[in-house]
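Engineer: I'd like to ask you about the structure that follows.
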Amino acid sequence: MTRSVIILQARMASERLRGKVLAPIGARSMLAHCIARLRIGAAAPVMVATTTNAEDDCLAAIGARYDVPVFRGPSEDVLSRFVMAAQSVGAQYVVRATADNPAIDIGGAGRLLAHLQSARADYAIEDGLPYGAAVEAMTFDALSRAAIHATEAADREHVTPLIRRDRVRFQPVSIPAPGSVRRPDVRVTVDTEQDLVFMRQIASRLGDWSAEPELREILDAADRLSLEQRCA
């Protein structure tokens, strides 16, 4: 059986909203929502990849609390962190998720891994999902080759730009998201205080988000909120 891993990238030192991955949204933190949703999808084991900085000790502790393995690596060179994390479990395929996306599509990782393997591609992503609901899938071979060739700081910080951009060395593919969740007009990531307020408002319309709803239910709540705000 091919070995896959979902690597959930997290750190406390966000420039615009420090400590956001532990910000509560409804019943649990953003990090906990991400872990829960990725586990429900059951596409592969989940690993948290954080930094060796002391401020991220709390993230390692949360990983232990949820019985999720934690890999700690470089702070700025996230690409190397991913390579080392994947290497530590002998993964052939890697899904990249980030802990500022509490509404990750539960089925996304499974769909991408299946397509990546059937297409024999280096990298796969879905087009049309709400901003912040998508994950990325890639082969470990592509990830390790990117680490060799990436020289720009942005390529190392954001992990996949070189794989997506360099069509000579890599074969990326993009597939359309399922029609029921194809809503690129909706933003469900948390990058700013305004984003956090919005997601908390969504949570209040989802029974305090105590259970993890399907993405389409989150979109329905977002549409209801938008309608309420327009009619206020």
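The values are calculated or read from the model by the stated rules, or taken from the named source; none is laboratory data. On a predicted model such as this, the values are computed, not experimentally measured, just so you know. Neighbour counts are summed over all protein chains in view; Cβ atoms, including those assigned to glycine, are modelled from backbone coordinates with ideal geometry.
Engineer: Pairs, please: C-beta under 6 Å, at least 6 apart or cross-chain, first residue at pLDDT below 95 and in segment 1-29, second among the basic types (Lys, Arg)?
Structural biologist: Ser14/Lys20
Engineer: Now a separate question. Which residues, taken from segment 171-194, are over 22 Å from Gly108 (Cα atoms) and not polar (S, T, N, Q)?
Structural biologist: Passing the criteria: only Glu193.
Engineer: Please go through segment 80-124 and give me each residue that is touching a residue at least 24 places away in the same chain (Cβ under 8 Å), over 27 Å from Leu59 (Cα atoms) and either among the polar types (S, T, N, Q) or in contact with a Leu (Cβ under 9 Å, 6 or more places away or on another chain) (or both), ordered by number.
Structural biologist: The answer is Gln117, Asp122, Tyr123, Ala124.
Engineer: Among the numbered conditions (1) exposed (fewer than 14 other Cβ atoms within 10 Å of the Cβ); (2) over 30 Å from Arg18 (Cβ atoms), tell me where Phe170 comes up short.
Structural biologist: (1)
Engineer: From (1) touching a residue at least 40 places away in the same chain (Cβ under 8 Å); (2) surrounded by fewer than 18 Cβ atoms within 10 Å (Cβ to Cβ); (3) part of a helix (DSSP H, G or I), pick out the condition that doesn't hold for Ser75.
Structural biologist: Of the numbered conditions (1) touching a residue at least 40 places away in the same chain (Cβ under 8 Å); (2) surrounded by fewer than 18 Cβ atoms within 10 Å (Cβ to Cβ); (3) part of a helix (DSSP H, G or I), the odd one out for Ser75 is (3).
Engineer: Would you be able to tell me the number of residues in segment 37-65 that are surrounded by 15 or more Cβ atoms within 10 Å (Cβ to Cβ), assigned to a helix (DSSP H, G or I) and of a type in the set (A, V, I, L, M)?
Structural biologist: 4
Engineer: Tell me which residues, restricted to segment 179-219, are crowded, with 16+ Cβ neighbours inside 10 Å and on the phi > 0 side of the Ramachandran plot.
Structural biologist: Trp209 - this is the single residue of segment 179-219 that is crowded, with 16+ Cβ neighbours inside 10 Å and on the phi > 0 side of the Ramachandran plot.
Engineer: Still on this structure, please answer the following. Tell me the residue from Pro130, Pro176 that is within 29 Å of Ala86 (Cβ to Cβ) and either in contact with a helix residue (DSSP H, G or I) (Cβ under 8 Å, 6 or more places away or on another chain) or buried (at least 17 other Cβ atoms within 10 Å of the Cβ) (or both), please.
Structural biologist: Pro130
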